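S.K.: The structure is given below, and queries will be raised subsequently.
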Amino acid sequence: MCVLGLAVAARGEIIDRIAASVGNRVITASDLDREIRVAAFLDGVKADFSPARKRTTAEAMIEQKLIQTELAASRYPLPDPAELVPAIDQFRKAHFQDESQYRAALAEYGITEEDFKELLLWQRTLLLFIQMRFETGVQLGAQDVEEYFTKTVKPAAEAAHPGQPVSLEDYREQIERTLTGQRADQQMDTWLRDVRRRTHIVLHEEALQ
């Protein structure tokens, strides 16, 4: 029994070894494995456990931990998990014939519906964080909109619809959304780089192989 206990303990240590540490938060090898499986399920592709994919996933999860730390220290609104129900129903109807096929696919990827819900909830949380933390502070000038229209939108529209007039007002709202999103992303990248510099982050290479 003692030998068996040691074997189980050793096996548990391998499964739950640390893949990365982010301040006082950790990402285990099993966290990394599950994230890869759920993302593959969502994209409808085979799960890729190559070192390159593990590293990319680990980097994304590190950013997730940094943002979660910010969320925990602030009063940003969080999405209601109930909001996920329509999204899950739509995904299921679009990709599977019935409930049994959906459940079989979850089992094939080695995940649970709760794992799937957690990923969707995080995606919504991230979008809400970006909107509240960065998009609300973006200010666009008339020149910004006009320049983007002249250099990007107008040439593309004229190429797609030769001979038809192209008006800025027809594209203004779309341009404003695009520029706001781009600048919010830039601000977030700057913020993440700054937070990373101030946070003790360790990647355990052996867990990424």
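S.K.: Which one of these does V45 not meet: (1) of a type outside the set (K, R); (2) free of Cβ contacts under 8 Å to residues at least 60 places away in the same chain; (3) in a helix (DSSP H, G or I); (4) farther than 30 Å from H200 by Cβ?
M.R.: Condition (3) is where V45 drops out.
S.K.: Okay, moving on. So which helices (runs of 4 or more DSSP H) stay within the stretch 102-200 end to end and still have 2 or more residues that are of a type in the set (S, T, N, Q)? Please lay out each step first, then the result.
M.R.: On the way: elements: 113-133, 142-148, 154-160, 168-197.
The qualifying helices (runs of 4 or more DSSP H) are 113-133, 168-197.
S.K.: For the stretch 38-56, check the following and say yes or no: at least one residue is over 22 Å from K117 (Cβ atoms) and modelled with pLDDT under 90.
M.R.: no
S.K.: Return yes when L140 is among the hydrophobic types (A, V, I, L, M, F, W, C) and more than 17 Å from the chain's Cα centre (by Cα) and no when it is not. Outline the logic, then answer.
M.R.: Working: among the hydrophobic types (A, V, I, L, M, F, W, C): yes; more than 17 Å from the chain's Cα centre (by Cα): yes.
When the stated conditions are applied, L140 passes them.
S.K.: Separate question: Which of the residues spanning the stretch 21-42 are touching a Lys or Arg at 6+ places or on another chain (Cβ under 8 Å) and assigned to a helix (DSSP H, G or I)?
M.R.: So in the stretch 21-42, the residues touching a Lys or Arg at 6+ places or on another chain (Cβ under 8 Å) come out as 22-23, 25, 27-29, 32, 36, 40.
Passing the criteria: A29, L32, I36, A40.
S.K.: Still on this structure: Give Q90, Q139, Q101 a once-over and let me know the one that is of a type in the set (S, T, N, Q), modelled with pLDDT under 95 and closer than 24 Å to F41 by Cβ.
M.R.: Numbers: Q139 fails: closer than 24 Å to F41 by Cβ; Q101 fails: modelled with pLDDT under 95.
When all the criteria are applied, what remains is Q90.
The values are calculated or read from the model by the stated rules, or taken from the named source; none is laboratory data. Since the model is a prediction, treat every value here as computed from it, not as a measurement. Every residue, glycine among them, receives a Cβ derived from its backbone with ideal geometry; neighbour counts consider all protein chains shown.
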